[in-house]
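The values are calculated or read from the model by the stated rules, or taken from the named source; none is laboratory data. All values reported here derive from a predicted model rather than from experimental measurement. Virtual Cβ from ideal backbone geometry, glycine too; neighbours counted across all protein chains shown. Calculation scope for accessible area: heavy atoms of the full protein, side chains included, ligands and nucleic acids excluded. Shrake-Rupley method; radii C 1.70, N 1.55, O 1.52, S 1.80 Å.
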Amino acid sequence: MPQIITYGAELIRINTSKNKIEYSTNKGATWNSRYSGSSVGTFIDLIEYGNEIIACTSKGVYYSSNKGATWNSRYTSPSAGNFLSLQNNGKELLASTSKGLYYSTNKGATWNKRGS
């Protein structure tokens, strides 16, 4: 399922069929390409988090501070499993992974398992 977020005056989405980040300035009537590289792996989910967009990908957690035009790695260790989705609960970043629910209090740089 394509993920779409509102970021400022734009909608930003993952185009899953092309593994691209696209944006719209007219409420989704038309879409423009913003990022189409392959170094981050396959995009899975996006979330706005402070002044960044954070993405979980097939290679881990990446962040962008320029509306998704470029991406930097934040967490690529396999210890938390494969990332499936991200959520902001107001105090921490939550991730559903193949190994369970994880949380981060530092924008996704480190992850701890929630519960046992």
Are any residues in segment 80-116 among the polar types (S, T, N, Q), at pLDDT below 95 and more than 27 Å from Trp31 (Cβ to Cβ), and if so, which ones? Asn89, Ser116
For Ile47, are the conditions met, namely being over 26 Å from Gly115 (Cβ atoms) and either open to solvent by less than 20 Å² (accessible area, probe 1.4 Å) or assigned to a strand (DSSP E or B) (or both)? no
Just checking, how many residues over segment 82-98 are surrounded by 14 or more Cβ atoms within 10 Å (Cβ to Cβ) and either farther than 23 Å from Lys20 by Cα or among the β-branched types (Val, Ile, Thr) (or both)? 4
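For segment 106-116: of the residues being within 16 Å of the chain's Cα centre (by Cα) and either open to solvent by 20 Å² or more (accessible area, probe 1.4 Å) or among the polar types (S, T, N, Q) (or both), which is nearest to Asn51 (Cα to Cα)? Break it down stepwise before answering.
Kept after step one, since they are within 16 Å of the chain's Cα centre (by Cα), are these residues of segment 106-116: 106-111.
Now restrict to residues that are either open to solvent by 20 Å² or more (accessible area, probe 1.4 Å) or among the polar types (S, T, N, Q) (or both): 106-107, 109-111.
Numbers: Asn106: 13, Lys107: 11, Ala109: 15, Thr110: 19, Trp111: 20 Å.
Once the filter is applied, the top-ranked residue is Lys107.
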Here's a check for you: in segment 5-27, which residue that is within 22 Å of Thr97 (Cβ to Cβ) and among the hydrophobic types (A, V, I, L, M, F, W, C) is most open to solvent (accessible area, probe 1.4 Å)? Ile5
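Being among the hydroxyl-bearing types (Ser, Thr, Tyr), touching a Pro at 6+ places or on another chain (Cβ under 9 Å) and open to solvent by 70 Å² or more (accessible area, probe 1.4 Å): is that true of Thr30 here? Steps first, please.
Values: among the hydroxyl-bearing types (Ser, Thr, Tyr): yes; touching a Pro at 6+ places or on another chain (Cβ under 9 Å): no; open to solvent by 70 Å² or more (accessible area, probe 1.4 Å): yes.
Taking the combined requirement at face value, the residue does not satisfy it.
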